[in-house]
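The values are calculated or read from the model by the stated rules, or taken from the named source; none is laboratory data. Computed from a prediction, not measured in an experiment: that's the story for all the values here. With ideal geometry, Cβ positions are generated from the backbone for all residues, glycine too; neighbour counts draw on all protein chains shown.
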Amino acid sequence: RKFFRNSPKDVDAQVNESTFFYKERMLRKIFELFRFTIPDEWDLDYFREHLFLNGFLGVTDTSLGVLALKCGASGINVYQRPTTLIFANPVLGSFQRTIGKDCEVIRLQYTWTGISPILWKYAYLMALCDSATSVNLMNSKVAFIATAEGKAAAETIKSAYQSISEGNPFVCISKDSADAISWELMNVKNTFIGNDILQLKQTIWNEFLTEIGIPNMNRDKRERMITDEVNANNAETSFGISHWLEEIRAGMERANTMFGLGLRVELNPILEGGENNDNSAGRTDGDPDTV
């Protein structure tokens with residue numbers, strides 16, 4: 001039991017508005033990696049959201065036509081893969097389909113899982129950098145530390161500091177309280193690490209870009225890089241996206257064979273050196289944006 005126990009158990013990341021901000025920002029970045037060709041009646045945002053967060057979509061015929069829908073998976077075959085998709089739609093109701101017989105799966109990766117772990121990991125780290133920066137900036141305004149004789153004097157200095165931090169130009173305390181408080185000057189420059197935090201934040205962001213397949217300059221190493229290092233980074237980033245692309249394409253090909261849909265997926269042309277991909281057939285998600 002001790003071997004499988006989390007340790008230390010009380011070290012947790014922060015879940016706050018900053019975390020959700022970065023999670024959504026990173027998800028949009030991942031959306032930019034691909035250009036999908038899907039039928040006009042399919043909702044592109046729904047398609048991308050559930051493909052990347054849930055890990056797979058089921059393509060099947062319904063009373064509204066052939067649709068790609070969020071679903072669950074059950075059953076098991078000889079290769080320990082699901083055999084059945086379970087749909088629970090607020091409009092179409094609940095129903096089941098058999099994979100390869102009356103439905104097909106478009107999945108993101110062989111594990112049938114989405115990218116939420118990646119998003120949460122880097123969103124946590126980015127949010128922690130924001131928190132550390134905020135605290136460091138606040139502390140850089142404090143050039144002293146105070147010790148007080150008794151609770152009353154301590155509360156007095158806490159109230160005085162709160163007034164100062166709120167921008168009040170003049171704060172007055174009683175002489176008795178002042179006599180009970182001793183002050184020690186601090187060198188705030190020695191404790192300011194804001195620039196280091198911002199550099200670390202950029203390093204974390206570059207690591208995320210590498211993870212999902214977006215080439216980046218590795219600016220955290222040094223300003224000048226040799227050609228071999230640049231090529232090595234490009235190769236590393238390509239590994240992160242190639243598996244996703246292969247899995248999505250394979251699922252789309254199976255769905256095309258079963259239902260004659262003409263589904264396609266291509267990389268954002270910017271990732272391919274500006275190649276002009278022909279996405280004229282069906283609906284795509286617009287012109288490439290800068291990644």
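A few points about this structure:
- Of the residues making up segment 93-111, those that are β-branched (Val, Ile, Thr) and either surrounded by 12 or more Cβ atoms within 10 Å (Cβ to Cβ) or closer than 18 Å to Gly65 by Cα (or both) are Thr98, Ile99, Val105, Ile106.
- Pick from segment 1-22, criterion surrounded by 18 or more Cβ atoms within 10 Å (Cβ to Cβ) and not β-branched (Val, Ile, Thr), ranking: modelled with the lowest pLDDT: Ser18
- Looking across Ser63, Ser74, Ser94, one residue alone is small (Gly, Ala, Ser) and in contact with a Phe, Trp or Tyr (Cβ under 8 Å, 6 or more places away or on another chain). It is Ser94.
- Out of Cys71, Cys129, sole residue that is modelled with pLDDT of 95 or more and buried (at least 18 other Cβ atoms within 10 Å of the Cβ): Cys71
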